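Here's the structure we're looking at; comments come further down.
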Amino acid sequence: QVQLAESGGGSVQAGGSLRLSCAASGYTYSRYCMGWFRQAPGKEREGIASISSGGGITDYADSGKGRFTISRDNWQRTLYLQMNSLKPDAAATYYCAAAWLRTDQTCSLRVEFDYWGQGTQVTVSA
């Protein structure tokens, strides 16, 4: 079991940057595949990026490629999402999530994520 808490959201001007953080309280955090997701009002939740337990494998959705970077610090038990050159369509509630994988599974946005944070809101003004 792992507990997740996002932070770092807020209001930024278009073209600005934010770094979201996800603090994990579980002792086994370093074993989890981690992911970032977002949901805008009236839209379906979408995956942004995932990262393997050791940080060596990343998976980005089209929406997350290029300007977004996922990373993790297992020593600090924290997951990050660096967002640069933000556009208004990036406004959403952002969630971090954790997946406990089978040995034969590869961490990606397509695995089943078992644990979720409460979300942090991001708004982008033009």
| Where residues in the range 74-88 are part of a loop (DSSP other than H, G, I, E, B) and touching a Phe, Trp or Tyr at 6+ places or on another chain (Cβ under 8 Å), which of them is most open to solvent (accessible area, probe 1.4 Å)? | 77
| field | Pair list, Cβ under 6 Å, 6 or more apart: the range 107-126 residue farther than 11 Å from residue 94 by Cβ, other residue hydroxyl-bearing (Ser, Thr, Tyr) and part of a loop (DSSP other than H, G, I, E, B) | value | 107/52
| remark: Exception for residue 63 within (1) open to solvent by 40 Å² or more (accessible area, probe 1.4 Å); (2) among the small types (Gly, Ala, Ser); (3) part of a strand (DSSP E or B) falls at (3)
| query | Which residues, taken from the range 26-40, are in a loop (DSSP other than H, G, I, E, B), over 14 Å from the mean Cα position of the chain (by Cα) and in contact (Cβ under 8 Å) with a residue 12 or more places away in the chain? | reply | 26, 28, 40
| message | Checking the structure you have, find out if any residue of the range 115-126 is over 24 Å from residue 3 (Cβ atoms), β-branched (Val, Ile, Thr) and either open to solvent by less than 60 Å² (accessible area, probe 1.4 Å) or under 12 Å from the mean Cα position of the chain (by Cα) (or both). | response | yes
| query | How many residues are open to solvent by 50 Å² or more (accessible area, probe 1.4 Å) and assigned to a loop (DSSP other than H, G, I, E, B) when one looks only at the range 41-57? | reply | 8
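The values are calculated or read from the model by the stated rules, or taken from the named source; none is laboratory data. A quick note: this is a predicted structure, and the numbers were derived from the prediction, not measured. In this analysis, Cβ positions are derived from the backbone assuming ideal geometry, glycine residues included, and neighbour counts consider all displayed protein chains. Side chains included, ligands, DNA and RNA excluded: accessible areas come from the protein's heavy atoms. Shrake-Rupley method; radii C 1.70, N 1.55, O 1.52, S 1.80 Å.
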